[in-house]
Amino acid sequence: PNHVKDSLDFDFNKIELSNGPTPPDINARCLQLCKDYLSGVWSQQTVDSIVVKRVMGGVVNQLYYCAIGRPVANSHGVPQEVAIRLYGPKYDSFGDNETKTNERLNDVVTAVMASRSRLGPKIYGLFEGGEILAFYKHRPFGVKEQKDPKLRAQVFKNLAKWHAMEAPVKKFHSMSQWLDGLFDCVDRYPNFTALMDEYEMQTFKTYDLELEKGWLKQLIESTGSPLVFGHNDFRSSNIMVLEDKNNNHISDHANGDQLVVFCDFDASGYGYRGLDFGSICYEWGRTFNDYKFLHVFPEDKEIIPLIEMYITESVAIYGKTYAENPVN
């Protein structure tokens, strides 16, 4: 096959990310999980009476939609469609030895907290290899959704609630460790120098990346960004805008006040507050194809109202002294 030499030749909006092949026994596996953790109407189902579909988009985990083929009139509160998330290998050199040994501990803690706070998907089951979650008909928080005042408000108010969560996990700024791990991966890649030549990576060839890393660490530390419990992958694709069954209107899910749900907590943990703001603002007003061109950052007049929504919610959580603190 021909290699793409120029990003302009590639449609990034059509990328479907996935992690590994679909297991041949996935239907039977999903059915057994639903029988074990949901019981009720699932107890009478067979492999032939359920629907299992793979949901694309993950590079670490595998996600499956699982539903009863012919829904029953009254399931007595037992969901008839769920999402089943199967964990994949998460870390390489990232994190300390304890994190590598218990690489899913933070995920489980975060998922439970997010479920209970209604900031993330409702959890129906936790098992050694994954999670059973509520299935949400949704679309990502894309460019169109960013223009909706109600959606914008809930996203940034919910981000304030997320940052206010107290999690029983390690509390330290992990960015420096993450950067070291990222550079270690590059150093171990045997053909990286050849790739730089093949794809004419002039920036990589011109600058000393170790010096750049050191400069970046110092810059981040100098910001004084507070330590909070961060999502740490706060992008439009990880913010679900809920829809109704017709896939065109905002759902009245959860008493009509839940418009968005956060998802994908593989990177969640304590760190710099600015990371989540930087992640969402970096892609604000952009599609994946816009990454092919020189980035024009949003103007302050677009970003300041978002920050003000966050501050308003934070004041409601912590009190008026929050807004009086210069760092906020």
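All of the numbers you see were taken from the coordinates with simple rules; none came from a lab. Predicted model only: the values in this text are computed from it and were never measured. Using ideal geometry, Cβ is built from the backbone for each residue, glycine included, and neighbour counts are taken over all protein chains shown.
What the table below lists for this structure:
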| item | result |
| --- | --- |
| For peptides 301-311, 199-209, 128-138, sequence by mean Cβ density within 10 Å, most packed first | 128-138, 301-311, 199-209 |
| Dipole magnitude of the chain, debye to nearest 20 (Cβ charges: Lys/Arg +1, Asp/Glu -1, about Cα centre) | 1140 debye |
| Nearest 10 degrees, 0 to 90: helix 300-318 Cα axis against the chain principal axis | 60 degrees |
| In degrees, nearest ten, helix 175-188 long axis to first principal axis of the chain (Cα) | 80 degrees |
| Local net charge near Ala67, Cβ-Cβ under 9 Å (Lys/Arg +1, Asp/Glu -1) | 0 |
| Neighbour net charge for Asp180 - beta-carbon separation under 10 angstrom, K R +1, D E -1 | +1 |
| Debye equation applied to the C-alpha atoms of the range 138-328, log10 I(q)/I(0) at 0.08, 0.15 Å⁻¹ | -0.34, -1.08 |
| Over 22 Å (Cα to Cα) - which of Lys53/Lys147; Lys205/Lys292; Lys53/Lys150; Lys122/Lys171 fall in this group | Lys53/Lys147; Lys53/Lys150; Lys122/Lys171 |
| Angle between the chain longest axis and helix 273-282 axis [Cα atoms, degrees, rounded to 10] | 90 degrees |
| Contour excess over end-to-end distance, with Cα ends at Asp148 and Thr312 and 0.36 nm allotted per residue | 57.2 nm |
| Gyration tensor (Cα) of the chain, equivalent ellipsoid semi-axes in angstrom | 34, 27, 21 |
